[in-house]
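A short worksheet on the structure shown next.
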Amino acid sequence: TRQLIQQLSPEIVLIDSHGRYEQGKDEVSILMDGNWCAFDDLLPDMPISPVWIVSACETAQAEALRGCVVRSLLSRGAYTIIATLARVDSFIASMLAGRLLADIYQPVTDSKERSLLDIFFGTQLTTALIYDPLLPLLHKAETDPKIGDQVNQMRSEIIHWFGGKPIDVRTYHEETATKLSECLVKYDLYDLHRNLQAAGHVRPETLLFSIYGFPDRVTIAPSPKRATTPR
């Protein structure tokens, strides 16, 4: 991984894996090819990529003295880091990371640069409003084949609905809630979803992600290369 990053010199690095903070060693480890590796061992020599998305558990522990992904990357010259505050569900982590990349690289109709901070906010809001509430239902579908097709069809319809959709923070919550309710009723999942919510299985996984550094100084240029350029 270290050699690959150094060879390619990408402007955005995404690490989508399992992670853990080891208090005794005061370090974050990442699971790579079945082995736990200290995060610092994955980092190339300076200069490093400006933007890092670390989709793994416990990568930004508040109690860490030195063993913190954010501190390691900022000290090596990174501009901005997206990392997790605690343990996070792997499904939500992969959905947020995938949605974030899609939002970064999606074609735009105008010639304006977009701030990474704005993109992250929109991605986090969409994921929080859609996948956090549905997570218990999605997990149940993994073990209950009776509802598997219904859940997959509903998820596909929702993804198609919000794909590339402009976000108005004043109306987006209500629009999303209305669409979710319509789809749950359409695919005969509304009562099951309400029962899972009443059982207390929902928690705000998406909000365990945070952004650090100088995200307002990183813009996504509207070019075929879709370059991420620190100003």
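Nearest 10 degrees, 0 to 90: what angle lies between the long axis of helix 145-162 and the longest principal axis of the chain (Cα atoms)? For helix 145-162, the angle is close to 70 degrees.
Taking a quarter of the surface of the convex hull around the Cα atoms of region 91-145, what do you get in nm²?
Details: hull surface 18.3 nm².
So the mean shadow area of the Cα hull is 4.6 nm².
The smallest convex shape that holds all Cα atoms of region 1-71, its convex hull, gives 87 Å³ per residue. Note on the chain: Rg/Rh from C-alpha atoms, Kirkwood Rh, equals 0.99.
The distance separating the Cα centre of region 1-80 from that of region 160-185 comes to 34 Å.
Accessible surface area normalised per residue over the chain is 53 Å², counting heavy atoms of protein chains with a 1.4 Å rolling probe. Principal semi-axes of the equivalent ellipsoid, √(5λ) from the alpha carbon gyration tensor of region 98-179, are 27, 14, 11 Å from largest down. The heavy atoms of M95 present about 50 square angstrom of accessible area, all protein chains included, probe 1.4 Å.
Taken over the alpha carbons of region 37-100 as equal point scatterers, the Debye sum produces base-10 log I(q)/I(0) values at 0.24 Å⁻¹ of -1.09. Relative to the first principal axis of the alpha-carbon coordinates of the chain, what is the inclination of helix 90-105, with its axis defined by its Cα atoms, in degrees from 0 to 90 and to the nearest 10? The two axes meet at around 70 degrees.
The values are calculated or read from the model by the stated rules, or taken from the named source; none is laboratory data. Only a predicted model underlies this, so the values are computations on that prediction, with no experimental measurement involved. Calculation scope for accessible area: heavy atoms of the full protein, side chains included, ligands and nucleic acids excluded. Shrake-Rupley method; radii C 1.70, N 1.55, O 1.52, S 1.80 Å.
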